[in-house]
Amino acid sequence: MSANGHKSAAVQLDDVAFSYGEATFRFDAAFPAGAITAVMGPSGSGKSTLLNLVAGFEAPQSGRVLIDGVDVSKAPPAARPVSMVFQENNLFSHLSVERNVGLGRSPSLKLTADDRAAISAALERTGLAGKQKRLPRELSGGERQRVALARVLVRDRPVLLLDEPFASLGPALRADMLDLVADLHGEKGMTVLFVTHQPQDAERIADHVVFLEDGAIAATGPARDFFAGTGPEAFQRYIGTQDGRSRDVARKPT
Amino acid sequence: MHSFRRNDSRITLGVLALAFIATLIGGALVGLLAAGAGDLSGAVSAFDPYLLRVARFTLWQAALSTLLSVLPALFVARALSRHPRFFGRTLILQLFAVPLALPALVAALGVLALYGRAGYFAGILSSATGSDWPGIYGLSGILVAHVFFNLPLATRLFLEALQAVPTDQWRLASQLGMGPAATFRLIEGPALRQALPGIAGLVFMLCITSFTIVLTLGGGPAASTLEVAIYQALRFDFDPARAVALTALQIALTAVVVTLLARLGADMTGESSLSVAPRRYTTPSVAGTAFDAALIVAALAFVAGPMLATVAAGLQADLARLVGEASVQKAALTSILLAFVSAVLAAVLSLALAMARRALALARRNGPRSMLEFFTDTGAGFVLVVPPIVIGAGWFLALRHLGSVFGAAPVMVAAVNAVMAMPFAIRAVRPAYDAASERHERLAAQLGIAGWNRFRLIDWPVLRRPLATAFAFAMALSLGDLGVIALFGSDSMQTLPYLLLARMGSYRTADAAGLALILGLVCLLLVFAADRLGKERTA
């Protein structure tokens with residue numbers, strides 16, 4: 001899958017158990033290296049929890065998190081070969097675009113000439129050229145997420161986790177951002193886990209789908225199967241395709 | 001939401017801060033216990049009629065002060081809340097915040113300048129009573145000064161309670177045609193009643209631990225409280241046994257009051273910011289308006305009087321000569337240095353505790369709060385229970401065996417004032433830190449930004465302002481303080497309040513008034529700066 005020889009790493013959750021208050025989760029899944037996998041499911045089904053376990057923001061109560069075959073269950077977030085883009089708060093609001101991206105290279109912001117070149121290139125690549133000195137509040141919502149993606153580029157980790165990063169953007173902008181992710185994936189070939197509520201987003205860029213229900217994985221498979229209407233029944237119910245879209249139209253008051 | 005179990009340097013810092021506070025308070029208690037054990041029979045026999053009389057007076061003046069502050073405050077607050085828009089209302093409320101910022105010593109001088117034997121009202125009061133006005137020393141002086149401090153405080157707190165009533169209730173009241181009596185019975189009364197125990201408890205606590213006012217206005221053994229008696233036992237009679245007995249009683253008393261207060265749900269650090277006044281939908285009658293106006297004017301006159309007297313008396317002093325005096329300059333420099341160190345320490349302590357609390361809260365997620373987290377959280381406020389005089393007394397007794405008591409003065413003054421200002425500093429720092437952490441915690445963990453890098457790049461830019469607020473407030477508190485310095489001060493180690501007290505004692509009233517004006521202005525400026533910095537805080 002790796003597009004042009006870049007490193008990529010498989011992500012595996014080996015019988016991972018986790019609980020938070022009343023909710024309990026049990027994940028056993030493998031995400032193929034170098035592919036984009038959409039993680040879908042109803043609210044509270046554990047999508048974000050799954051990503052947090054991979055990123056190291058949560059620790060499994062039992063089971064193992066493996067990345068590229070290495071057990072990272074005990075590793076702190078920064079030590080894992082993972083970058084994550086959140087829905088919001090991806091940037092430090094008092095630091096310029098350039099410095100926010102620079103933090104992906106050095107957590108003390110001591111940057112070499114190479115680092116600076118990489119930062120410029122990443123900003124160029126994500127369409128932010130000329131905005132180096134801006135503060136996050138001077139950017140649009142889409143631009144802010146572009147900065148986060150630029151940081152992903154300079155960090156250059158083999159796994160990318162996207163936790164609904166474009167959920168608050170309008171449809172056209174969201175499509176642009178998805179295309180940018182797909183392009184970056186094409187260049188870098190990283191393993192992408194992508195949480196989304198929007199079937200059309202998953203359909204647009206995902207190779208695989210993992211469908212969660214009640215804190216466990218209910219179904220997995222190639223994206224084309226899921227969206228061809230031949231996917232698992234629970235998934236069909238979730239996106240409402242069985243008689244869904246036509247029913248909505250029929251219900252509209254005249 | 002997410003767990004960070006790894007060793008967090010923030011927790012280490014919090015533990016260090018707690019250790020510092022514990023050493024300061026624990027050392028004092030050890031000093032007291034050692035002195036008490038050394039002279040057990042002396043300490044026991046110190047529980048004599050004099051001590052009981054002092055204890056009774058302490059409670060009595062506090063109860064009267066509370067009654068005289070809280071009862072009028074109820075009605076002043078109601079008057080202010082019934083008229084949410086009138087010319088000068090904001091100014092009055094700002095003026096009511098001033099006593100909070102004013103050093104007690106300055107207020108005491110203001111009261112004397114107005115009602116003292118040679119005060120501005122002495123002439124009127126002499127002709128009114130038909131005899132020479134003896135001045136306002138003793139219980140009456142203490143009460144006037146306590147009401148000056150606490151009436152505005154209680155008024156603001158009651159007003160806050162009234163303004164917290166949802167606007168819809170006022171709309172409903174006007175729609176249902178409720179008159180003033182019904183409104184009071186059904187809406188204002190319940191809101192005030194709910195706030196009453198907490199506010200009365202807070203005022204009672206402040207009056208029971210009041211030192212400076214009783215020292216300067218009490219005027220003798222007939223009107224002495226436990227704290228002043230501790231000071232006298234150590235500084236004048238040098239009777240450690242009696243000091244130990246008095247301190248034990250004071251600690252027991254405050255412990256009881258604070259336990260009761262905690263039951264009543266009072267907030268020990270009393271917030272002073274007011275929300276926007278909601279609109280009222282009824283027009284009060286002419287008589288009602290006149291009554292409210294009279295109340296507000298009376299309260300205003302009572303609060304503004306001593307402030308104006310401080311300014312007037314201060315301006316009569318030869319300020320140019322005062323400022324030029326070597327002893328004044330030295331005391332001012334000492335004050336500023338000590339207050340600066342104390343304020344830095346208070347800001348550092350509050351930051352360390354806020355960081356540790358947040359780190360511990362994140363680590364435990366939904367689990368039960370650990371003892372350590374409790375101490376970095378609510379526990380930190382408990383230092384207010386231990387009066388500075390008690391800490392000072394304990395160390396005073398401990399240090400007299402170890403060498404020069406007065407040599408330790410700078411350390412004691414700076415450390416105790418820092419710890420006393422810390423709960424207020426936390427109020428400024430913690431919300432800002434928690435909000436910043438809420439946004440940045442996962443990102444910092446992901447990017448591996450920790451320790452010094454995190455403080456330098458992530459936390460400092462966000463916390464600069466709240467830390468400055470905490471610093472300015474702590475500095476004002478420390479500058480105006482006459483607690484520990486009263487015990488530890490000497491001719492070679494004087495702060496401005498100490499010098500002011502000395503000038504009062506040698507009847508150089510004009511000098512004292514001039515110094516009070518300078519001190520009061522500096523403290524006010526600092527507190528307003530703290531307020532400004534706090535309000536302009538950007539998220």
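We did not get these values from a lab; they are worked out from the coordinates using the rules stated. Note that the coordinates shown come from a computational prediction; the quantities given were computed from them, not determined experimentally. Positions of Cβ are generated from backbone atoms using ideal geometry, with glycine treated the same way; all protein chains shown enter the neighbour counts.
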TODO: Scale the Cα Rg of region B:40-316 by the rule-of-thumb value 2.2 N^0.38 Å and send over the ratio, two decimals.
DONE: 1.13
Open item on the list: What distance in nm separates the two pseudo spin-label positions at B:ARG464 and B:ALA19, each 7 Å out from Cα along the beta-carbon direction?
Closed with: 3.2
Open item on the list: What are the ³J(HN,Hα) couplings of region A:175-191, residue after residue, when phi is run through the Karplus curve with 6.51, -1.76, 1.60 and θ = phi - 60°? Round to Hz, x for glycine and proline.
Closed with: 4, 4, 5, 4, 4, 4, 4, 4, 5, 4, 4, x, 7, 9, x, 6, 7
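Set the Förster distance to 30 Å, then compute FRET efficiency between B:THR289 and B:ARG185 from the Cβ-Cβ distance, nearest 0.05. Present the calculation step by step, with values, prior to reporting the outcome.
Working: r = 20 Å, r/R0 = 0.66.
Efficiency at R0 = 30 Å is approximately 0.90.
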- [ ] Select from A:THR196, B:ALA145, B:ILE458 the residue farthest towards the positive end of the dipole of the protein assembly as shown; place +1 on Cβ of Lys and Arg, -1 on Cβ of Asp and Glu, and compute about the Cα centre.
- [x] B:ALA145
Open item on the list: Please report the antiparallel percentage of the DSSP beta bridges confined to chain A, to the nearest 5.
Closed with: 55
TODO: Starting with the highest mean, order B:208-214, B:329-335 by the number of other Cβ atoms within 10 Å, averaged over the residues of each peptide.
DONE: B:208-214, B:329-335
Task: Antiparallel %, DSSP beta bridges [both residues in the protein assembly as shown], to 5 - done: 55
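Just rank B:VAL522, B:VAL165, fewest to most, by other beta-carbon atoms within 10 angstrom.
On the way: B:VAL522 20, B:VAL165 16.
Going from least to most buried by this count: B:VAL165, B:VAL522.
Given a Förster distance of 25 Å, report the FRET efficiency between B:PHE87 and B:VAL165 from their Cβ-Cβ distance, rounded to the nearest 0.05. Working shown, then result.
Values: r = 24 Å, r/R0 = 0.96.
Efficiency computed from Cβ-Cβ geometry: 0.55.
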- [ ] Kindly give Rg over Rh for chain B, based on alpha-carbon atoms, with the Kirkwood expression for the hydrodynamic radius.
- [x] 0.98
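Output the DSSP H helices from chain B with an along-axis C-alpha extent of no less than 20 Å and a mean Kyte-Doolittle hydropathy no less than 1.6. Could the numbers behind the result be given before it?
Details: long enough: B:9-38 (42 Å, 1.83); B:49-82 (49 Å, 0.96); B:139-163 (34 Å, 1.26); B:189-208 (28 Å, 1.43); B:240-264 (35 Å, 1.62); B:286-316 (42 Å, 1.70); B:326-364 (56 Å, 1.51); B:388-402 (21 Å, 1.33); B:409-447 (47 Å, 0.45); B:460-479 (27 Å, 1.06); B:509-535 (38 Å, 1.56).
Result, helices passing both filters: B:9-38, B:240-264, B:286-316.
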Task: Calculated P(r) tail over 25 Å for region B:313-454, as whole % of Cα pairs - done: 49
Task: Spin-label model distance (nm) - B:TRP452 vs A:LYS110, 7 Å beyond Cα toward Cβ - done: 0.9
Open item on the list: No solvent, one uniform scatterer per C-alpha: report log10 I(q)/I(0) for the protein assembly as shown via the Debye equation at q = 0.06, 0.08 1/Å, two decimals.
Closed with: -0.53, -0.83
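Using a Förster distance of 30 angstrom, determine the FRET efficiency expected from the C-beta separation of A:ASP156 and A:GLU203, and round it to 0.05.
Values: r = 28 Å, r/R0 = 0.93.
Efficiency, from the Cβ-Cβ distance: 0.60.
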Open item on the list: Once you place label points 7 Å from the Cα toward the Cβ at A:LYS133 and B:ILE336, how far apart are they in nm?
Closed with: 3.8
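When Cβ neighbours within 10 Å are restricted to other protein chains, what is their mean count per residue of peptide B:445-456?
Details: counts 7, 19, 13, 8, 7, 3, 2, 1, 6, 2, 0, 2.
Going residue by residue through B:445-456 and averaging, the value is 6.
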Open item on the list: If I fit a long axis through the Cα atoms of helix A:113-125 and take the longest principal axis of the Cα atoms of chain A, what angle between them do I get, 0 to 90°, rounded to 10?
Closed with: 40
TODO: Collect residues whose amide H, placed 1.01 Å from N in the peptide plane, falls under 5 Å from the amide H of A:VAL210; neighbours closer than 5 in sequence don't count.
DONE: A:ALA38, A:VAL39, A:MET40
Open item on the list: Can you give me the long-range amide H partners of A:LEU162? Hydrogens built in the peptide plane at 1.01 Å from N, cutoff under 5 Å, separation of 5 or more residues or another chain.
Closed with: A:VAL85, A:LEU193, A:PHE194, A:VAL195
Task: Label-zone membership for region A:65-102, site A:ALA17, 7 angstrom Cα→C-beta point, backbone N under 17 Å - done: A:65
Task: Net charge dipole size for chain B [Lys, Arg +1 and Asp, Glu -1 on Cβ; Debye, nearest 20] - done: 1540
- [ ] Within a 10 angstrom radius of each residue's Cβ in A:96-105, how many Cβ atoms of other chains show up on average? Whole number is fine.
- [x] 2
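Starting with the fewest neighbours, write out B:ASP132, A:ASP163, B:ASP377, A:ASP214 ranked by other beta-carbon atoms found within 10 Å of each beta-carbon. All intermediate terms of the calculation are to be shown ahead of the outcome.
Values: B:ASP132 10, A:ASP163 23, B:ASP377 19, A:ASP214 15.
Listing B:ASP132, A:ASP163, B:ASP377, A:ASP214 from fewest to most nearby Cβ atoms yields B:ASP132, A:ASP214, B:ASP377, A:ASP163.
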Task: Listed residues B:VAL256, B:VAL106, B:ALA343: farthest to the positive end of the dipole of the protein assembly as shown (Cβ charges) - done: B:VAL106
Open item on the list: Suppose a student asked you for the relative contact order of chain A, using Cα pairs under 8 Å spaced at least 6 residues apart; what percent would you report?
Closed with: 28
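Rank the residues A:LYS47, A:LYS188, A:LYS133 as a footprinting-exposure proxy: fewest other Cβ atoms within 10 Å of their Cβ go first.
Details: A:LYS47 24, A:LYS188 21, A:LYS133 10.
In order of increasing Cβ crowding within 10 Å: A:LYS133, A:LYS188, A:LYS47.
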